[in-house]
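Derivation of every value follows stated rules applied to the coordinates shown; laboratory data play no part. It should be emphasised that the depicted structure is a prediction, and the values quoted were computed from it without experimental measurement. Note that we place each Cβ from the backbone using ideal geometry, even for glycine, and neighbour counts take in every protein chain shown.
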Amino acid sequence: MVRHVISASRGIVSIALTFVIPAVLILVSGNTARAAAVLPDDVPGDSPSGAAVTEDAGGAIRADYTVLARNLADPLLTRPDEPAPLKDFSQLLAEAQAMVVAYDEIRAHTADTAISFVAKEASESSSVLVENARERFGRAQQDGLTPILRMALGIVTNSPGLVGAEFANALDLQDKKDDETIATLKAFLRNRAAQLMLPEIAKRCTGPLLDGPSSISVDFDESWAGTNSQDSLKVQNISSRTLHNCTVLVVLQGAAGDVAQDVHFVQEWESGSPRFARYGLGFETRAGRVGRQTVFDVQEIRVSVWADELRQEGLAYRYPGRERDRDIGKQIEGKLDVRLKYVPTPFFGTGRSFDLTLVGVNSIPRHKITLTFHRGRDSASMSWDKDWWRQGEVRRFDTAGKLAWDPERVDIAICFYGDSYTWRRTLEVPHQHP
């Protein structure tokens, strides 16, 4: 795990509507669910009608935004292994409908056009999902729509444990129920687009700009070689005070320039307290990748936080380097392995060959593999550049007549492009003759 106290940047991370994360962002997320929707009159200082009782319009706008963000943004976990509760249809429908009511209450009284627009988008997209779920529930078991319906309600209510449970089944239904799937994905897109607009509003409902030391630290672990299903993020409040009504924007940039954005909300964040998130890559559909929360080969993470007490924007953390190498080693040591078979006289090929089988991990990315052969005082090395190598795949390494003797052991070194980490093993050569 990497712990890094990020340095402040004066630049502001902006939200571009042309770079909206697909709405099924939460499909492979581990973020926990809310217990229930937050209605406008749940916010301290609000009147029974839902209009905030404040001395100025700015206070009312902040109260409206707080309700909106608490319902729409993804929460941050209090533990890295926090489970997501699984709920039945009645619970999910009740929570989803309560959220729609909360969005409509905000629309009815807010004086802020941006808040009104985001609440409208959230309400209408959530209403589509809820209505579709109600209409299809009766025939869900018969026509196989149950996974899609449960996923739809799970996304509205941010119940990713439920969504994850139905994930594989929904993928199987993708081609069978294409119309229903497309309609659901459209609603998800609209809902998550609304979520990504929250930071722009948060900038107007926040405390003063903090020019001093960073208020948060970051730990990031990138899933590698299929050892985990999600990347892991830990953010910790290292300021000297408790922060309230925190909107947190996390922007991850990959080596190819691709970007993923994730928006979170923390109502109360105690000094010294950590919070956690898990980000997945989504899955491929006919329309492209859906549900992406992170990127391949993360290079940089930028975190912005807007709270009642302070704001800091564009806090930058560079991931590659020794920290990333340690993360890779921690994830694959004791898991990645290879099996070796020596073929001294192959039927095809021009010399002694070695069949290597990858085991222990799902796959490894583009790499360079070096085999160093030993017999007594004699040694010889050969290297090959290879693309993705998948678990169980057997690859033949032909010495092409350059190895004139039978080795007793082989040193195997695999290094990965873009990283300085090298995985090493020494294996005895099992001699066998045709």
(Q) Using each residue's phi in the stretch 299-314, evaluate 6.51 cos²θ - 1.76 cosθ + 1.60 at θ = phi - 60° and report the 3J(HN,Hα) Karplus result to the nearest Hz, with x for Gly and Pro. (A) 9, 9, 10, 10, 10, 10, 9, 10, 10, 4, 8, 6, 9, 9, 10, x
Q) ³J(HN,Hα) across the stretch 412-417 via Karplus (A = 6.51, B = -1.76, C = 1.60, θ = phi - 60°), whole Hz, x for Gly/Pro? A) 10, 10, 10, 10, 10, 5
Q. If amide H atoms are built 1.01 Å from N in the plane of the peptide, which residues on other chains or at least 5 residues away come under 5 Å of the amide H of L310?
A. G207
Q. So which trypsin sites (Lys or Arg not before Pro) in the stretch 266-371 end up in coil per DSSP with only 14 or fewer other C-beta atoms within 10 Å?
A. R286, K335, R366
Q.
Give me the base-10 log of I(q)/I(0) for the stretch 198-354 at each q in 0.09, 0.15, 0.17, 0.18 Å⁻¹, Debye formula, one uniform scatterer per Cα, rounded to two decimals.
A. -0.41, -0.87, -1.03, -1.11
Q. Using the Karplus equation 6.51 cos²θ - 1.76 cosθ + 1.60 (θ = phi - 60°), what ³J(HN,Hα) coupling, rounded to whole Hz, does each residue of the stretch 360-370 give in order, writing x for Gly and Pro?
A. x, 9, 5, 5, 10, x, 3, 7, 10, 10, 10
**Q.** Extreme residue, positive dipole direction of the stretch 250-379, given options Q331, V298, Q312 (C-beta unit charges)
**A.** Q331
(Q) List the pairs from K341/K386; K120/K186; K87/K120; K203/K234; K341/K402; K368/K402 whose alpha-carbon separation is above 21 Å, in the order I gave them. (A) K87/K120; K203/K234
Q) How much net charge surrounds S123 when only the other residues with a Cβ under 11 Å from the Cβ of S123 are counted, with Lys and Arg +1 and Asp and Glu -1? A) -1
Q. Taking K and R as +1 and D and E as -1, what net charge do the other residues with C-beta under 12 Å from the C-beta of T357 add up to?
A. +2
